[in-house]
Amino acid sequence: AGIYVTPKTIYSHDISICDGDSFTLPWGVSVNKTGIYNDTIRTMQGCDSIINSFSITVHNKPVIKTSKSNDIYCSAGISNLSASGGVQYQWSPVASLNNPSIASPVAAPTATTVYHVTVENEFGCIAED
């Protein structure tokens, strides 16, 4: 008589999340720490049948540094804004900026204005300043 061994099936998943976010595993558990999380489905005889393995990596949000070149006054009608810490930038309000989607736009507001910048890093994590 022959014995037949059914090999287990392993499904691997690489998941990236940002610091402060969580990921809900298919079996309902919410995780927010880097690690490997496994769910094993067993046959009625107790043998490993299907293993779902989730490798979770938590990435830091961007650390933003912002600055301005000067305040606006009669002889200086523009100010250079600057942000660093990411790969994509979005400034607001956009009306008085030459390009709201770059790290260092030129601002020419006609009234006192507070600018906000949203920065995204290479992992898709977002921070605002």
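For this structure, a couple of remarks:
- Residue-level analysis places SER55 among those that are under 21 Å from the mean Cα position of the chain (by Cα), closer than 30 Å to ASN121 by Cα and of a type in the set (S, T, N, Q).
- Residue match in segment 36-59 (condition: open to solvent by 80 Å² or more (accessible area, probe 1.4 Å), in a loop (DSSP other than H, G, I, E, B), under 30 Å from CYS18 (Cα atoms) and not hydroxyl-bearing (Ser, Thr, Tyr)): no
- For beta carbons closer than 7 Å, sequence separation of 6+ or different chains, a first residue in segment 3-26 that is among the polar types (S, T, N, Q) and a second that is in a loop (DSSP other than H, G, I, E, B), the qualifying pairs are SER16/PHE123; SER22/ASN32.
- Of all residues assigned to segment 68-85, none qualifies as being closer than 30 Å to TYR11 by Cα and at pLDDT 95 or above.
Residues checked against (1) closer than 29 Å to CYS18 by Cβ; (2) open to solvent by 30 Å² or more (accessible area, probe 1.4 Å); (3) not in a loop (DSSP other than H, G, I, E, B):
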site: ALA83; (1), (2), (3): yes, no, yes
site: ILE102; (1), (2), (3): yes, yes, no
site: PRO109; (1), (2), (3): no, no, no
site: VAL117; (1), (2), (3): yes, no, yes
site: ALA127; (1), (2), (3): yes, no, yes
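The values are calculated or read from the model by the stated rules, or taken from the named source; none is laboratory data. Everything numeric in this text was worked out from a predicted model, so none of it was measured. With ideal geometry, Cβ positions are generated from the backbone for all residues, glycine too; neighbour counts draw on all protein chains shown. Ligands, DNA and RNA are stripped out before the accessible areas are found, and what is left, the full protein with its side chains, is counted by its heavy atoms. Shrake-Rupley method; radii C 1.70, N 1.55, O 1.52, S 1.80 Å.
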